[in-house]
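The values are calculated or read from the model by the stated rules, or taken from the named source; none is laboratory data. Keep in mind the model is a prediction, meaning the values are calculated, not measured. Heads up, the Cβs are rebuilt from the backbone with ideal geometry, glycines too, and the neighbour counts pull from every protein chain shown. Please note that ligands, DNA and RNA were not included when accessible areas were found on the heavy atoms of the full protein model with its side chains. Shrake-Rupley method; radii C 1.70, N 1.55, O 1.52, S 1.80 Å.
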Amino acid sequence: MKRFGLAIGGALLAAASLHAQQPAAQGPQPYMLGNPLGLPINPAPNGSFNPISPNVKVYGAIYAAESCSYDPDRGVIVVPNRGVPQNVQTNNAWISFLNHDGSVHTARWIGIANPGPQRTNSTPPLVLNEPLGSDIVNGTLYLADRDGGTSQTDPSVSVVRTFNMKTGMPGREYKTEKVTGFNDLAIDKAGNISGTVTAVGDGAQVWKITPDGTASIFFQNVPLVAPNGVAIDPQGNIVVVNIGNPDVITFSPDGKVVKTEKAAQAGNDGLVIMNDGTKYVSSVQNGGVSRIRPDQTAELIAQNVPSAASMCYDSGANQLVIPMNANNALAFISLK
(Lines give C-alpha, C1' and ligand atoms only; values in the text may rest on other atoms or scores of the structure.)
Protein backbone atom coordinates (compact mmCIF):
# COMPACT_ATOMS: atom_id res chain seq x y z
CA MET A 1 0.00 0.00 0.00
CA LYS A 2 2.97 2.34 0.49
CA ARG A 3 3.40 2.85 -3.24
CA PHE A 4 -0.01 4.55 -3.47
CA GLY A 5 0.84 7.21 -0.91
CA LEU A 6 2.10 9.87 -3.30
CA ALA A 7 -0.68 9.27 -5.81
CA ILE A 8 -3.35 9.58 -3.15
CA GLY A 9 -1.70 12.64 -1.69
CA GLY A 10 -1.44 14.20 -5.14
CA ALA A 11 -5.08 13.42 -5.82
CA LEU A 12 -6.08 15.09 -2.56
CA LEU A 13 -4.02 18.16 -3.39
CA ALA A 14 -5.50 18.29 -6.88
CA ALA A 15 -9.00 17.94 -5.47
CA ALA A 16 -8.32 20.67 -2.93
CA SER A 17 -7.04 22.94 -5.70
CA LEU A 18 -10.09 22.23 -7.83
CA HIS A 19 -12.44 22.91 -4.95
CA ALA A 20 -10.61 26.16 -4.24
CA GLN A 21 -11.31 27.29 -7.78
CA GLN A 22 -14.90 26.08 -7.73
CA PRO A 23 -16.80 27.62 -4.79
CA ALA A 24 -19.94 25.89 -3.60
CA ALA A 25 -22.79 26.43 -6.03
CA GLN A 26 -25.45 28.90 -4.95
CA GLY A 27 -28.61 28.53 -6.99
CA PRO A 28 -28.63 27.98 -10.77
CA GLN A 29 -25.19 27.87 -12.38
CA PRO A 30 -24.09 27.96 -16.03
CA TYR A 31 -23.38 24.62 -17.66
CA MET A 32 -19.60 24.21 -17.80
CA LEU A 33 -17.15 22.36 -20.01
CA GLY A 34 -13.52 21.85 -19.15
CA ASN A 35 -10.66 23.57 -20.98
CA PRO A 36 -7.76 21.68 -22.56
CA LEU A 37 -4.78 21.47 -20.21
CA GLY A 38 -3.74 24.96 -19.14
CA LEU A 39 -5.07 27.76 -16.94
CA PRO A 40 -7.63 28.55 -15.84
CA ILE A 41 -8.97 25.03 -15.30
CA ASN A 42 -12.52 26.36 -15.51
CA PRO A 43 -13.53 28.38 -18.59
CA ALA A 44 -12.79 32.02 -17.79
CA PRO A 45 -15.73 34.50 -17.97
CA ASN A 46 -13.76 36.72 -20.35
CA GLY A 47 -12.73 33.78 -22.51
CA SER A 48 -9.06 33.97 -21.61
CA PHE A 49 -7.11 30.72 -21.57
CA ASN A 50 -3.40 29.90 -21.63
CA PRO A 51 -2.51 26.40 -22.82
CA ILE A 52 0.09 24.25 -21.10
CA SER A 53 3.64 24.68 -22.48
CA PRO A 54 4.18 22.59 -25.63
CA ASN A 55 7.26 20.90 -24.14
CA VAL A 56 5.18 19.46 -21.25
CA LYS A 57 3.73 15.96 -21.81
CA VAL A 58 0.94 14.61 -19.59
CA TYR A 59 -0.41 11.04 -19.64
CA GLY A 60 -3.32 9.87 -17.55
CA ALA A 61 -6.73 11.36 -16.72
CA ILE A 62 -8.32 7.92 -17.04
CA TYR A 63 -10.18 6.21 -14.22
CA ALA A 64 -12.00 2.87 -14.57
CA ALA A 65 -12.67 3.37 -18.27
CA GLU A 66 -14.67 0.59 -19.89
CA SER A 67 -14.82 1.96 -23.46
CA CYS A 68 -13.69 4.69 -25.82
CA SER A 69 -14.76 6.31 -29.09
CA TYR A 70 -13.00 8.43 -31.70
CA ASP A 71 -14.15 11.92 -32.63
CA PRO A 72 -12.96 12.57 -36.22
CA ASP A 73 -13.93 16.24 -36.09
CA ARG A 74 -11.64 17.07 -33.16
CA GLY A 75 -9.20 14.27 -33.89
CA VAL A 76 -9.29 13.04 -30.29
CA ILE A 77 -10.00 9.82 -28.44
CA VAL A 78 -13.09 10.22 -26.25
CA VAL A 79 -12.96 8.24 -23.00
CA PRO A 80 -15.78 7.92 -20.42
CA ASN A 81 -14.37 7.62 -16.89
CA ARG A 82 -16.78 5.73 -14.65
CA GLY A 83 -15.61 7.31 -11.41
CA VAL A 84 -16.74 5.59 -8.22
CA PRO A 85 -19.72 3.18 -8.02
CA GLN A 86 -23.25 4.39 -7.48
CA ASN A 87 -23.32 3.08 -3.90
CA VAL A 88 -20.34 5.34 -3.09
CA GLN A 89 -21.39 8.54 -4.88
CA THR A 90 -23.85 9.27 -7.66
CA ASN A 91 -23.17 11.45 -10.68
CA ASN A 92 -19.40 11.01 -10.38
CA ALA A 93 -18.36 10.14 -13.96
CA TRP A 94 -16.65 12.37 -16.53
CA ILE A 95 -15.39 12.43 -20.12
CA SER A 96 -11.74 12.91 -21.16
CA PHE A 97 -10.15 13.71 -24.52
CA LEU A 98 -6.79 12.13 -25.39
CA ASN A 99 -4.46 12.80 -28.30
CA HIS A 100 -3.26 10.08 -30.68
CA ASP A 101 -0.11 9.48 -28.63
CA GLY A 102 -2.05 9.01 -25.38
CA SER A 103 -1.24 12.44 -24.02
CA VAL A 104 -4.05 14.42 -22.44
CA HIS A 105 -5.95 16.90 -24.57
CA THR A 106 -8.76 17.72 -22.11
CA ALA A 107 -8.69 16.05 -18.70
CA ARG A 108 -12.36 16.72 -17.99
CA TRP A 109 -14.56 17.89 -20.83
CA ILE A 110 -17.98 16.78 -19.64
CA GLY A 111 -17.88 16.57 -15.85
CA ILE A 112 -15.65 19.51 -14.93
CA ALA A 113 -18.19 20.44 -12.22
CA ASN A 114 -18.16 18.50 -8.96
CA PRO A 115 -20.87 15.92 -8.16
CA GLY A 116 -23.69 17.43 -6.15
CA PRO A 117 -25.10 20.97 -6.46
CA GLN A 118 -22.55 22.09 -9.05
CA ARG A 119 -23.84 19.49 -11.50
CA THR A 120 -27.50 19.37 -10.57
CA ASN A 121 -27.87 23.18 -10.51
CA SER A 122 -26.13 23.74 -13.84
CA THR A 123 -28.21 24.76 -16.85
CA PRO A 124 -28.90 22.18 -18.15
CA PRO A 125 -28.24 19.77 -15.25
CA LEU A 126 -25.52 17.16 -15.74
CA VAL A 127 -26.17 13.52 -14.83
CA LEU A 128 -23.48 10.96 -15.61
CA ASN A 129 -23.22 8.02 -13.21
CA GLU A 130 -21.32 4.92 -14.41
CA PRO A 131 -21.02 4.88 -18.21
CA LEU A 132 -19.84 1.62 -19.77
CA GLY A 133 -20.16 1.30 -23.56
CA SER A 134 -19.91 4.34 -25.81
CA ASP A 135 -20.34 5.30 -29.44
CA ILE A 136 -20.22 8.49 -31.51
CA VAL A 137 -22.62 8.72 -34.45
CA ASN A 138 -23.61 11.82 -36.41
CA GLY A 139 -22.05 14.18 -33.90
CA THR A 140 -23.74 12.59 -30.88
CA LEU A 141 -22.01 10.75 -28.06
CA TYR A 142 -24.06 7.79 -26.78
CA LEU A 143 -23.25 6.34 -23.35
CA ALA A 144 -24.56 3.15 -21.70
CA ASP A 145 -25.22 4.64 -18.26
CA ARG A 146 -27.58 3.71 -15.43
CA ASP A 147 -29.57 5.22 -12.60
CA GLY A 148 -30.19 3.69 -9.17
CA GLY A 149 -28.06 0.99 -7.62
CA THR A 150 -27.20 3.17 -4.65
CA SER A 151 -28.13 0.37 -2.22
CA GLN A 152 -29.46 -3.19 -2.18
CA THR A 153 -33.02 -1.83 -2.13
CA ASP A 154 -32.47 0.70 -4.92
CA PRO A 155 -32.93 -1.02 -8.30
CA SER A 156 -30.52 -0.20 -11.11
CA VAL A 157 -32.12 0.99 -14.36
CA SER A 158 -30.45 1.30 -17.76
CA VAL A 159 -30.26 4.81 -19.20
CA VAL A 160 -28.60 5.57 -22.54
CA ARG A 161 -27.49 9.18 -22.26
CA THR A 162 -26.53 11.36 -25.21
CA PHE A 163 -24.36 14.47 -25.52
CA ASN A 164 -23.75 16.87 -28.37
CA MET A 165 -20.11 16.51 -29.42
CA LYS A 166 -19.83 20.16 -30.47
CA THR A 167 -21.35 21.78 -27.40
CA GLY A 168 -21.14 19.04 -24.74
CA MET A 169 -24.78 19.67 -23.89
CA PRO A 170 -26.89 16.72 -22.65
CA GLY A 171 -29.41 15.45 -25.18
CA ARG A 172 -32.12 12.84 -25.17
CA GLU A 173 -32.12 9.99 -22.65
CA TYR A 174 -33.38 6.46 -23.35
CA LYS A 175 -34.46 4.62 -20.21
CA THR A 176 -35.17 0.88 -20.31
CA GLU A 177 -36.91 -0.07 -17.07
CA LYS A 178 -36.57 -3.84 -17.59
CA VAL A 179 -32.77 -3.70 -17.92
CA THR A 180 -30.39 -2.98 -15.05
CA GLY A 181 -27.77 -1.66 -17.48
CA PHE A 182 -26.33 -2.27 -20.93
CA ASN A 183 -22.71 -3.36 -21.14
CA ASP A 184 -21.99 -2.08 -24.64
CA LEU A 185 -23.95 -0.28 -27.31
CA ALA A 186 -23.79 0.51 -31.02
CA ILE A 187 -25.86 2.88 -33.12
CA ASP A 188 -26.76 2.35 -36.77
CA LYS A 189 -27.18 5.06 -39.41
CA ALA A 190 -30.91 5.31 -38.72
CA GLY A 191 -30.32 6.04 -35.04
CA ASN A 192 -31.36 2.63 -33.69
CA ILE A 193 -29.47 1.64 -30.53
CA SER A 194 -28.31 -1.94 -29.95
CA GLY A 195 -27.39 -2.72 -26.34
CA THR A 196 -26.04 -5.91 -24.79
CA VAL A 197 -27.00 -7.51 -21.47
CA THR A 198 -24.12 -9.71 -20.30
CA ALA A 199 -25.75 -12.81 -18.84
CA VAL A 200 -26.51 -16.41 -19.78
CA GLY A 201 -29.72 -18.24 -20.64
CA ASP A 202 -32.74 -16.02 -21.22
CA GLY A 203 -30.86 -13.19 -19.52
CA ALA A 204 -28.36 -13.09 -22.40
CA GLN A 205 -29.91 -10.38 -24.53
CA VAL A 206 -29.43 -7.77 -27.20
CA TRP A 207 -31.97 -4.95 -27.02
CA LYS A 208 -33.02 -2.53 -29.72
CA ILE A 209 -34.09 1.03 -28.95
CA THR A 210 -35.60 2.95 -31.86
CA PRO A 211 -35.08 6.71 -32.27
CA ASP A 212 -38.52 7.37 -30.75
CA GLY A 213 -37.46 5.53 -27.57
CA THR A 214 -39.31 2.23 -28.08
CA ALA A 215 -37.26 -0.57 -26.48
CA SER A 216 -37.61 -4.30 -27.21
CA ILE A 217 -35.55 -7.48 -27.07
CA PHE A 218 -33.83 -7.95 -30.42
CA PHE A 219 -32.39 -11.39 -29.59
CA GLN A 220 -31.90 -13.52 -26.48
CA ASN A 221 -30.36 -16.79 -25.32
CA VAL A 222 -28.17 -19.01 -27.51
CA PRO A 223 -26.03 -18.37 -29.47
CA LEU A 224 -25.59 -15.47 -27.03
CA VAL A 225 -23.46 -16.59 -24.08
CA ALA A 226 -22.72 -13.59 -21.88
CA PRO A 227 -22.77 -11.15 -24.84
CA ASN A 228 -20.59 -8.09 -24.43
CA GLY A 229 -19.16 -6.04 -27.30
CA VAL A 230 -21.47 -4.96 -30.13
CA ALA A 231 -20.85 -3.08 -33.37
CA ILE A 232 -22.51 -2.37 -36.72
CA ASP A 233 -20.78 -3.78 -39.80
CA PRO A 234 -20.60 -1.97 -43.18
CA GLN A 235 -23.73 -3.80 -44.36
CA GLY A 236 -25.77 -2.62 -41.36
CA ASN A 237 -25.71 -5.99 -39.58
CA ILE A 238 -25.40 -6.20 -35.77
CA VAL A 239 -22.27 -8.05 -34.65
CA VAL A 240 -21.89 -9.31 -31.07
CA VAL A 241 -18.97 -10.94 -29.21
CA ASN A 242 -19.46 -13.30 -26.28
CA ILE A 243 -17.52 -13.52 -23.05
CA GLY A 244 -18.68 -17.10 -22.50
CA ASN A 245 -17.06 -18.49 -25.67
CA PRO A 246 -14.98 -17.26 -28.66
CA ASP A 247 -18.03 -16.71 -30.90
CA VAL A 248 -18.43 -13.56 -32.94
CA ILE A 249 -22.03 -13.57 -34.15
CA THR A 250 -23.46 -11.50 -37.00
CA PHE A 251 -27.20 -10.80 -36.94
CA SER A 252 -29.18 -9.31 -39.79
CA PRO A 253 -31.27 -6.22 -38.94
CA ASP A 254 -34.34 -8.48 -38.66
CA GLY A 255 -32.71 -10.71 -36.04
CA LYS A 256 -31.51 -13.69 -38.07
CA VAL A 257 -28.05 -15.20 -37.49
CA VAL A 258 -26.08 -14.51 -40.66
CA LYS A 259 -22.78 -16.12 -39.63
CA THR A 260 -20.68 -17.09 -36.65
CA GLU A 261 -16.94 -16.58 -36.55
CA LYS A 262 -14.50 -17.43 -33.77
CA ALA A 263 -11.93 -15.19 -32.17
CA ALA A 264 -8.55 -16.67 -31.20
CA GLN A 265 -9.54 -16.45 -27.52
CA ALA A 266 -12.73 -16.53 -25.47
CA GLY A 267 -13.70 -14.01 -22.80
CA ASN A 268 -14.16 -11.19 -25.28
CA ASP A 269 -15.27 -7.61 -24.72
CA GLY A 270 -14.13 -5.17 -27.41
CA LEU A 271 -15.09 -5.18 -31.08
CA VAL A 272 -13.96 -2.98 -33.97
CA ILE A 273 -15.11 -3.58 -37.56
CA MET A 274 -13.21 -2.03 -40.46
CA ASN A 275 -14.68 -0.90 -43.78
CA ASP A 276 -13.32 -4.02 -45.51
CA GLY A 277 -15.08 -6.27 -43.00
CA THR A 278 -11.99 -7.14 -40.94
CA LYS A 279 -12.89 -7.53 -37.27
CA TYR A 280 -10.69 -6.88 -34.24
CA VAL A 281 -11.74 -8.49 -30.96
CA SER A 282 -10.20 -7.90 -27.51
CA SER A 283 -10.41 -10.43 -24.69
CA VAL A 284 -10.98 -8.86 -21.30
CA GLN A 285 -10.33 -12.23 -19.64
CA ASN A 286 -7.35 -13.52 -21.63
CA GLY A 287 -5.70 -10.32 -22.84
CA GLY A 288 -5.39 -11.09 -26.54
CA VAL A 289 -6.46 -9.05 -29.56
CA SER A 290 -7.75 -11.16 -32.44
CA ARG A 291 -7.87 -10.12 -36.07
CA ILE A 292 -10.50 -11.86 -38.17
CA ARG A 293 -10.16 -11.11 -41.86
CA PRO A 294 -13.19 -12.00 -44.02
CA ASP A 295 -13.43 -15.77 -44.49
CA GLN A 296 -10.15 -16.38 -42.67
CA THR A 297 -9.16 -17.94 -39.35
CA ALA A 298 -8.58 -15.54 -36.47
CA GLU A 299 -5.01 -14.62 -35.56
CA LEU A 300 -3.63 -12.94 -32.45
CA ILE A 301 -1.96 -9.61 -33.17
CA ALA A 302 -1.33 -8.77 -29.49
CA GLN A 303 -1.30 -10.69 -26.23
CA ASN A 304 -1.32 -10.19 -22.46
CA VAL A 305 -3.09 -6.83 -22.39
CA PRO A 306 -4.54 -6.68 -18.85
CA SER A 307 -8.33 -6.30 -18.72
CA ALA A 308 -8.62 -5.44 -22.43
CA ALA A 309 -12.07 -3.86 -22.44
CA SER A 310 -14.24 -2.28 -25.15
CA MET A 311 -11.77 -0.84 -27.63
CA CYS A 312 -12.21 1.77 -30.34
CA TYR A 313 -10.54 2.59 -33.66
CA ASP A 314 -8.58 5.82 -33.92
CA SER A 315 -8.81 6.43 -37.68
CA GLY A 316 -6.66 9.55 -37.43
CA ALA A 317 -3.65 7.46 -36.39
CA ASN A 318 -4.78 4.05 -37.73
CA GLN A 319 -4.59 2.38 -34.35
CA LEU A 320 -6.66 0.42 -31.88
CA VAL A 321 -7.18 2.01 -28.47
CA ILE A 322 -8.03 -0.35 -25.60
CA PRO A 323 -9.17 0.79 -22.15
CA MET A 324 -7.51 -1.40 -19.54
CA ASN A 325 -10.38 -0.99 -17.08
CA ALA A 326 -9.12 -1.32 -13.49
CA ASN A 327 -5.58 -0.46 -14.63
CA ASN A 328 -6.71 3.13 -15.27
CA ALA A 329 -4.86 3.26 -18.58
CA LEU A 330 -5.20 2.78 -22.32
CA ALA A 331 -3.30 0.42 -24.61
CA PHE A 332 -2.46 1.50 -28.17
CA ILE A 333 -1.89 -0.93 -31.07
CA SER A 334 -0.78 0.49 -34.40
CA LEU A 335 -2.31 -1.06 -37.51
CA LYS A 336 0.13 0.61 -39.92
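Some notes on this structure:
- Each DSSP beta bridge with both residues in the chain is either parallel or antiparallel, and the antiparallel ones are about 95%.
- Axis angle, to the nearest 10 degrees, between helix 5-21 and the longest C-alpha principal axis of the chain: 60 degrees.
- Theoretical gain in end-to-end length, Q220 to N245 [0.36 nm per residue, Cα-Cα removed]: 7.4 nm
- With all protein chains in place and a 1.4 Å probe, the accessible surface of the chain carries 54 percent carbon and sulfur.
- Put a dot 7 Å past the Cα of D154, heading toward its Cβ, do the same for N138, and the two dots end up 3.4 nm apart.
- Calculated from the structure at hand, Rg and Dmax of the Cα atoms in Å is found among (1) 20.2, 73; (2) 22.3, 79; (3) 19.8, 61 as (3).
- Sites R293 and E177, calculated FRET efficiency, Cβ-Cβ separation with R0 41 Å, nearest 0.05: 0.50
- Considering only H100, I62, P40, and ranking their Cα positions along the charge dipole of segment 24-153 that arises from unit charges at the beta-carbon of Lys, Arg, Asp and Glu, the one farthest toward the positive end is P40.
- Protection proxy ranking of 37-48, 182-193, by the mean of other Cβ atoms within 10 Å over each peptide's residues and highest first, is 182-193, 37-48.
- Lysine pairs meeting the criterion (Cα under 20 Å, 8 or more apart or interchain), as found in the chain: 12
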